[in-house]
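> This is the structure I want to talk about, given as structure tokens.
The values are calculated or read from the model by the stated rules, or taken from the named source; none is laboratory data. Just so it is clear, the structure is predicted and the values come from calculations on it, not from any experiment. Quick reminder, even Gly has a Cβ in these numbers, built from the backbone with ideal geometry, and neighbours come from all protein chains shown. Remember, those area values only see protein heavy atoms, side chains included, never the ligands or the DNA or RNA. Shrake-Rupley method; radii C 1.70, N 1.55, O 1.52, S 1.80 Å.
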Amino acid sequence: MTSSIFRTNISQPFWCSLGDEASFQAAKVVLSEGGEETAISWFDELFEGGLSIPDEGSRPLTVLVTGPPGSGKTTLVMELCYRLARNRRNNEDLNEESLFTLYISTEQEASRLIENAKSFGYEELEKYVVETEIDAKKGKVQEKLEWPANFGRVAIWGRDRIAEHFAKEASQDKEPVLHNIVEAALHGLSLFLIQYPLPEELVKRGIQRLPWFKKPSQGSKEVEDATPDVLVIDSLNIVEEEERSYFFEQFRAATSSASRMVIFVLDSAPTATAHEIWEYACDVVISLDDQTVNDYYLRSIQVVKARYQSHTWGKQQLKIYKGYKGTKPSGADAGNQSDMDLLRRSHPYRNEGGIFIYPSIHYYLSMYKRRGPLHTPRFATTRPELKGVLEGLPEGRCTAFIGSRGGHKSHFGYLHLLHRIIDHQKDDNEAALVISLRDDEKMTWQTMEKIREIEFNQSKITVNDLQKQNKLEILYYHPGYITPEEFFHRMFISIQRLKKGKRNLTVLFNSLDQLASRFPLCAKQEIFIPGILEALTGENATSIFIAVDERGQPAEQYGLLPMADLILSFYPHRFNFDDYYDHLDEVWHLEAQKGSWGRRIQKVKAEYAGEKTQIDAVVLQVVRFAGGQQAGARGILELVDKGGLGLHGQPGLQFTKLSSKYDPGQPIFSRHGDLLER
């Protein structure tokens, strides 16, 4: 059976780019090691690139879409048919064929199906989807609108038209019962498709009064025009369960050589213990399902089987979005921080509603299992440099910052990101992503801009400029029942966008301690943080995860600590002034300083030396360093402002290695955040 791969473009991911104006653009992603950046759709990726549909003259592909009521079956099938009709326009460079669908609905009127489709904001829907009625005598569809030249279409034969067909041909004025509607649909279809005689058993079941019609010759133009590429039967649910097998077989026989693809829509029994005959008979089975978790409604989609092509295993999350009237980003001012924040929260980034699929974490893990840094560890220098303690952070790997609140962990992380971008500005090969679970976009932006003003006061580029140049993205997650799949997808799209052009990427995951309270569904997924770490490593991104070590937090920080290549702790210590001064003097040679800095040093020393003055400062320590390198080295990390430079020559974050000659200070808090006795 020869076939062609059709890309449906259902659930195509977009990203939000800023520049002078914000815009949603088709995401160009890399799904395999060494692969090319390409636009994709997640529905097509369920079939590893697209749906394999037989060429003309072959036995049609039979597709079963099943699931409980309200799981999205009709919405999925309608969007599939609409996008196949627009296929050539969507993929003009591929010269893909557009398909004609006859959509038979035994449950809904055509007008209601069309109105529901319009609510998703599909582009030019009215040109491609219209009501119709079958004229079996002439062997063609009576359409209400001329179709665009050289493009496909979707003709809907709704429940009301089928009922009219039954009443007319059976000479009955009364409304047909549900059972009769399916019989009439089968009868009208069998005559319309020409190849299939009305089964004798069906005649005996009460519609023997319906006349036979003269069939056009097989080679006539009327027959060619009448035959649809795709036929949808939606659905057989309105007949009794014991009758469904019979009608399924009759429809399958009627279309055995008339179409290229036949789609059956059927509800699945909620307590079914055995598979139905149509599940075995159909070539492709797509199962939709739903469940409620913590009062949060979740839909899923799964390709149960695809007889003639490879497919993705397991359940993926599915959502149905209405159209986005009035929220399109076209022309939005990317220089306005509020506009930027609003647009960046509009994930998934779309101008149309409809079906959207969020791949499972297991899908990503399968994708990344053959990817990762294969080179020997290299190190990204930090700012401030951790001289004598650490060469830098391991590139393409994970570093964990853990410690008490107020330990400068976030400040150090933000400073490192700005250092990577601004100090490599000429190379244009660095980008950074901030994933914030606590501080929103505005607060994160203000914090980073303040750090930039102090640490990079000679640089004219601002944090806002970095965002407009698409070198920095602040990704804030609003608290709620966000699923791991939604969280993961938004991060994945941002990573792909920032890495465009093969940039080096640094990712800061801030406030891991907020996970359980703000995102309970993510916290319950045991593989959530390890999965993110595996994905970042697979993308060769240098990652920094910031967590608070206090009561109520899991000992292993959701799986972070066992997987981190480098662990740095940040805890406040208390020093006697003399010991504190001696540590700084050994590194900075305070006694040798001249000028205003030297005079200030002598003034501070004269005021505090020999006294019992105590100095509080954060001690940074290497807790673990994978790869056989020794841990345990420590240093003082201080945040110095312009008005209180003390013993330092300039403001900003300063680091001083602790000397083994002097007292290393005493911790102020326990590892669980409890104040220790003085």
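> What does the accessible area of L80 come to, in Å² to the nearest 10, when a probe of 1.4 Å is used?
Here the accessible area works out near 20 Å².
> I'd like to check one number: the per residue accessible area of the stretch 560-622, probe 1.4 Å, reported in Å² as a whole number. Can you show the working numbers first?
Values: 3110 Å² over 63 residues.
On a per-residue basis, the stretch 560-622 sits at 49 Å².
> State the extension gain, in nm to one decimal, for the chain segment bounded by M443 and E243, taking 0.36 nm per residue of separation less the distance between their alpha-carbons.
Length difference between fully extended and current span is 65.8 nm.
> So with the 1.4 Å probe, I'd like the accessible area per residue for the stretch 433-525, rounded to whole Å².
The answer is 35 Å² per residue.
> Next question, about the same structure. Need one value: the accessible area of D549 in square angstrom, 1.4 angstrom probe, rounded to the nearest 10.
Counting only protein heavy atoms, the figure is 30 Å².
> While we're here: Around G354, which amide H atoms from residues at least 5 apart in sequence, or from another chain, sit under 5 Å from its own amide H, with H modelled in the peptide plane?
Y321, K322
> Describe numerically, in nm with one decimal, the distance between label points set 7 Å from Cα along Cα→Cβ at L31 and at N116.
Going by the 7 Å Cα→Cβ label model, 2.8 nm.
> Please identify every one of the GluC sites (Glu not before Pro) in the stretch 7-103 that sits in a loop by DSSP and has no more than 15 other beta carbons within 10 Å of its own beta carbon.
E33, E36, E37, E48, E56
> Please report how far the C-alpha centroid of the stretch 495-535 lies from that of the stretch 608-660, rounded to the nearest whole angstrom.
Result: 29 Å between the Cα centres.
> How much accessible surface does E556 have with a 1.4 Å probe, in Å² rounded to 10?
We get 110 Å² for E556.
> If you only keep lysine pairs separated by 8 or more in sequence, or across chains, how many in the stretch 468-573 come under 23 Å at the Cα atoms? Mind showing how you got there, number by number?
Working: K468/K499; K468/K500; K468/K502; K471/K499; K471/K500; K471/K502.
Number of lysine pairs found: 6.
> Which length gain, in nm to one decimal place, applies between E556 and R345 when the Cα-Cα distance is subtracted from 0.36 nm times their residue separation?
Taking 0.36 nm per residue and subtracting the Cα distance, the gain is 72.9 nm.
> Tell me which residues come under 5 Å, amide H to amide H, from I435 once H is placed; ignore anything under 5 positions away on its chain.
Those qualifying (amide H under 5 Å, at least 5 residues apart or on another chain) are L475, L508, F509, N510.
> Quick one: pull the percent of accessible area on the stretch 466-535 belonging to carbon and sulfur, 1.4 Å probe, ligands and nucleic acids left out. Present the calculation step by step, with values, prior to reporting the outcome.
Values: 980 of 2060 Å².
Carbon-and-sulfur percentage of accessible area, whole number: 48.
> Under a plain spin-label model, where a point goes 7 Å from the Cα along Cα-to-Cβ, how far apart in nm are K524 and H424?
4.0
> Straight-line reach from K657: which aspartates and glutamates fall under 18 Å, measuring Cα to Cα and dropping same-chain residues less than 8 apart?
E385, E391, D578, D579, D582, D585, E586, E591, D616, E638
> Further question: Taking amide H positions as placed 1.01 Å from N in the peptide plane, with prolines and chain starts having none, which residues 5 or more places from S52, or on another chain, fall under 5 Å of its amide H?
When sequence neighbours closer than 5 places are left aside, the close amide H contacts are F6.
> Between I277 and E453, how many nm apart are label points set 7 Å from Cα along the C-beta direction?
Placing both labels 7 Å beyond Cα along the Cβ direction yields 7.7 nm.
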